[in-house]
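For reference, the structure discussed in these notes is given below.
The values are calculated or read from the model by the stated rules, or taken from the named source; none is laboratory data. Fair warning: this is a prediction, and the values are worked out from it, not measured in the lab. Glycine gets a Cβ as well: all are built from the backbone with ideal geometry, and neighbour counts include every protein chain shown. When the accessible area is computed, the model is the full protein with side chains, heavy atoms only, and any ligands, DNA or RNA have been set aside. Shrake-Rupley method; radii C 1.70, N 1.55, O 1.52, S 1.80 Å.
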Protein chains: 2
Amino acid sequence: MSEVTAGIIIFPDLTQLDATGPWEVFASTPGMRVLTIAKTREPIKAKGGLLLLADATLADCPPLDIVCVPGGPGANVAMEDEEILGFLRARAPGLRYLTSVCTGALVLGAAGLLRGRRATTHWSAHDLLAGLGAIPTAGRVVRDGNVFTGGGVTAGIDFALTLVAEIFGSEAAQMVQLGLEYAPEPPFAAGTPATAPANVLAAALTRGVAMRARREELVARSKIF
Amino acid sequence: MSEVTAGIIIFPDLTQLDATGPWEVFASTPGMRVLTIAKTREPIKAKGGLLLLADATLADCPPLDIVCVPGGPGANVAMEDEEILGFLRARAPGLRYLTSVCTGALVLGAAGLLRGRRATTHWSAHDLLAGLGAIPTAGRVVRDGNVFTGGGVTAGIDFALTLVAEIFGSEAAQMVQLGLEYAPEPPFAAGTPATAPANVLAAALTRGVAMRARREELVARSKIF
């Protein structure tokens, strides 16, 4: 099998773990190559400040088999960035897999690429997918044809292992999982709204009010219909 | 409480998820600041090629409350890098927490900072900790006093959440966990040697023979005793 190339789009104020989780899984898979792709080659400052440099730009990036869009606050800006949306629309028809992690799904949606597709995203934005023509679907990893979407942030690791298994088989994915010692033991059971203590969920919702309002606005004025 | 500053050391050929997992947890915690620290401000190329830029150098980095050393192939080089070892030895006495993820523990050990301490590291190097004076201890996150060590790669997320709970309380850690939607669902049960299929483990051990031999050599010639 010839090399499978995945491109992960990075942009200012992304949640870097949305990108670096799948990046590590893909880069650990023999037969895969993974590139970070950005609008420019300037350093990209992730939410919280981590500095990343892209391997390629949207304009000069080589043919890709997989595109993955991560999320984070910067995904709100990406939802209206015609250069990013145009790249996604132009590349989508030639891809083996079109993918996202976290609120990267809103960017795919804003590009008009999730119409009629089952998809998932971060729990705080899950229902908003409907406003972009998608079918919000419960699941940490949701597949609809060649579109794979992962839930919030850390779901990117589960998503990427699932995609590696799809492409290279379960033994290849298990090798990667063993190498990454991925036998998680979260110290609490607070990872979803359904399992988090009520006060923790309430505090998270309060803290997220402005972000939620902003995303509702972006979805409402998206031009995909 | 005044701001708690964590410094994560980055170096060429590190396993970037060892660093970026804890980075995301720390950066998502109100009251924490997290810096990447390297020998120089040149781009750091992680194992597989991801390009990172450090926020500070070993020489100019501000006072730190926490130091975290990630692992990966580049940790072998770090084990003999007197600038990194000297930084760790100089900073250790003033830290609230000295920490590592994956084979970053071998670097702490090579600096002589794990003598008599219970510690963990990536499963493939776990027993080697004894040669550095540590007490190899089973566990995805192992604490001995103010030394916290995480197991392989993805254990860094569990480690960081555990440390956030220690410093800021369980509610703060649960808030971060919910934000990162950390309710993992690994697609396979292959994350440890004990649970991986026998053929997968055998293939991983075969693929790791040279790395294992190299680490044995480095431990044998470490100068800590």
Residue count, the stretch A:54-65, condition open to solvent by 20 Å² or more (accessible area, probe 1.4 Å) and either of a type in the set (Asp, Glu) or touching a helix residue (DSSP H, G or I) at 6+ places or on another chain (Cβ under 6 Å) (or both), comes to 3
Run down B:Ala210, B:Ala196, B:Ala155, B:Ala183 and say which single residue is out of contact with any helix residue (DSSP H, G or I) (no Cβ under 9 Å at 6 or more places or on another chain) and among the aliphatic types (A, V, I, L, M). B:Ala210
Condition test on B:Ala138, is it farther than 30 Å from B:Ile66 by Cβ and either touching a Pro at 6+ places or on another chain (Cβ under 9 Å) or among the small types (Gly, Ala, Ser) (or both)? no
When restricted to B:Ala160, B:Ala173, B:Ala190, the only residue among the small types (Gly, Ala, Ser), part of a loop (DSSP other than H, G, I, E, B) and touching a helix residue (DSSP H, G or I) at 6+ places or on another chain (Cβ under 7 Å) is B:Ala190
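May I ask you to verify whether B:Val69 is open to solvent by 10 Å² or more (accessible area, probe 1.4 Å) and closer than 19 Å to B:His122 by Cβ?
Working: open to solvent by 10 Å² or more (accessible area, probe 1.4 Å): no; closer than 19 Å to B:His122 by Cβ: yes.
Considered against the rule, which asks whether it is open to solvent by 10 Å² or more (accessible area, probe 1.4 Å) and closer than 19 Å to B:His122 by Cβ, B:Val69 comes out as no.
Might you check whether a residue that is more than 10 Å from chain B (Cβ to nearest Cβ) and touching a helix residue (DSSP H, G or I) at 6+ places or on another chain (Cβ under 9 Å) occurs anywhere in the stretch A:46-53? Lay out the reasoning, then the answer.
Going through the stretch A:46-53, the residues more than 10 Å from chain B (Cβ to nearest Cβ) turn out to be none.
No: the stretch A:46-53 contains no residue that is more than 10 Å from chain B (Cβ to nearest Cβ) and touching a helix residue (DSSP H, G or I) at 6+ places or on another chain (Cβ under 9 Å).
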What number of residues within the stretch A:112-133 are over 20 Å from A:Phe87 (Cα atoms), open to solvent by 10 Å² or more (accessible area, probe 1.4 Å) and not in a helix (DSSP H, G or I)? 3
Count of residues meeting criterion [more than 18 Å from B:Trp23 (Cα to Cα) and more than 7 Å from chain A (Cβ to nearest Cβ)] in the stretch B:170-197: 3
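If I filter the stretch A:145-160 for residues that are within 14 Å of chain B (Cβ to nearest Cβ), open to solvent by 10 Å² or more (accessible area, probe 1.4 Å) and either without any contact (Cβ under 8 Å) to a residue 24 or more places away in the chain or under 19 Å from A:Leu95 (Cβ atoms) (or both), do I get at least one hit?
Just the residues of the stretch A:145-160 that are within 14 Å of chain B (Cβ to nearest Cβ), to begin with: A:148-160.
Narrowing the set further to residues that are open to solvent by 10 Å² or more (accessible area, probe 1.4 Å) leaves none.
No, the stretch A:145-160 contains no residue that is within 14 Å of chain B (Cβ to nearest Cβ), open to solvent by 10 Å² or more (accessible area, probe 1.4 Å) and either without any contact (Cβ under 8 Å) to a residue 24 or more places away in the chain or under 19 Å from A:Leu95 (Cβ atoms) (or both).
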